[in-house]
Amino acid sequence: MKYSIGVDIGGTKVAVAIVDQIGSIVKHRIIPTDLSIPPEQMIKRIIQVVNEVLRDDRFSHDVITGIGVGVPGPLDSRNGMVTCPPNLATWRDVPIKQIMEADLPYTVQLENDANAATLAEKWLGAGRNHEHVIYMTVSTGIGAGIFTDGRLLRGRNGNAGDIGHTVIDPSFGECSCGQKGCLEAIASGTAIARHGSTIVGEPVTTERVFRLYKEKDPRIVEYIDSVFRVLGTACVNLVNTFDAEIIIIGGGVSKVGKPLFETAQEYVSAYALNPMGRQAKVIPAELEQNSGVIGAAALCL
Ligand SMILES: [Zn+2]
């Protein structure tokens, strides 16, 4: 049996796992992401955890195929650099591949976290029986990964799929990126909490907004239904642009479940441009919690 090491670096925690060639996690560790220390020091901690999980008779050097690392974008995957991710505010131009390879005897492959999760969903999750798969994560931010024609679509530096900053409706006002009306500024968890708070008249979380939605608070129902239609628009944009077969939606906002998936599906069935596109399915992610770390490991399997 061959194994690969997956490292999933997020804004709050880092997951490290050893994954076998059929996608099972055989060892798993989670440590908090400490943004108060320099990134180089945080990477040293991650290397220490990798060495700890490797301390096992099963994992001799020749059965480990490499280390896959998933990080929030933007990044430069070809050169192994984390460039300027908003979710890791202190990480600027960090040569993570070089730092890890200096201390570990394996090749390191870097990928943005949405792409890594896409690989995992395609390999073992909701996309396993399909060829043209898009995974969209709707969480604090919005991103997507595109798997088509037998491979992951990466683009020049590994940043393809940044659907969160495509413009949906400029009248919604400014996004953190400077444009007006980005998808992320309208339909991310962060945006839902912000706009929901304005409607309710006090600070509320995304979870509270969704609870009010399920309790049929009329102000919230109207607003959230409009957000779901916007996510449907994003799905149509993806189907039209990439001729996708399925759109998998994951991330915290997708937990609201049926109303989101029904609205997005109706939108795609009604408005995708070509008749085949209208048959594209919008479905929930299956691997949620571990998709990042499994997908990172899959980079080397
Ligand atoms: Zn934007």
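Listed values, structure above:
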read-out	value
Long-range neighbours under 6 Å by Cβ, at least six apart or interchain, first residue more than 23 Å from residue 102 (Cβ to Cβ) within the stretch 24-52, second among the acidic types (Asp, Glu)	26/20
Neighbours by Cβ (under 8 Å, 6+ apart or cross-chain): first from the stretch 264-281, in a loop (DSSP other than H, G, I, E, B) and surrounded by 15 or more Cβ atoms within 10 Å (Cβ to Cβ); second among the acidic types (Asp, Glu) and at pLDDT 95 or above	280/245
Boolean, residue 301 is out of contact with any Cys (no Cβ under 8 Å at 6 or more places or on another chain), aliphatic (A, V, I, L, M) and assigned to a helix (DSSP H, G or I)	no
Within the stretch 1-21, tally of residues that are assigned to a loop (DSSP other than H, G, I, E, B) and at pLDDT below 95	4
Of residues in the stretch 243-296 being charged (D, E, K, R) and in contact with an Asp or Glu (Cβ under 8 Å, 6 or more places away or on another chain), the one farthest from residue 119 (Cα to Cα)	281
All positions within the stretch 92-145 that are of a type outside the set (A, V, I, L, M, F, W, C), surrounded by fewer than 23 Cβ atoms within 10 Å (Cβ to Cβ) and either closer than 20 Å to residue 49 by Cα or touching a Pro at 6+ places or on another chain (Cβ under 7 Å) (or both)	95, 97, 98, 101, 103, 105, 106, 107, 109
Condition check for residue 260: touching a residue at least 24 places away in the same chain (Cβ under 8 Å), outside any helix (DSSP H, G or I) and either away from the ligand (no atom under 16 Å from the Cβ) or not assigned by TED's automatic domain parsing to the domain that holds residue 154 (or both)	no
Unique match (being surrounded by 14 or more Cβ atoms within 10 Å (Cβ to Cβ), over 19 Å from residue 121 (Cβ atoms) and touching a strand residue (DSSP E or B) at 6+ places or on another chain (Cβ under 6 Å)) among 27, 44	27
Options 141, 150; residue that is at pLDDT below 95 and within 16 Å of the ligand (Cβ to nearest atom)	141
Members of the stretch 47-83 that are crowded, with 16+ Cβ neighbours inside 10 Å and over 20 Å from residue 15 (Cβ atoms)	74, 76, 81, 83
Enumeration of residues in the stretch 141-159 that are assigned to a loop (DSSP other than H, G, I, E, B) and either in the same structural domain as residue 112 (by TED's automatic domain parsing) or of a type in the set (S, T, N, Q) (or both)	157, 159
Selection from the stretch 96-129 of residues that are in a loop (DSSP other than H, G, I, E, B), under 23 Å from residue 47 (Cβ atoms) and of a type outside the set (S, T, N, Q)	104, 105, 106
Scope the stretch 247-262; condition buried (at least 21 other Cβ atoms within 10 Å of the Cβ) and touching a Gly at 6+ places or on another chain (Cβ under 8 Å); matching residues	248, 251, 253
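The values are calculated or read from the model by the stated rules, or taken from the named source; none is laboratory data. All values derive from a computational prediction rather than experimental measurement. Positions of Cβ are generated from backbone atoms using ideal geometry, with glycine treated the same way; all protein chains shown enter the neighbour counts.
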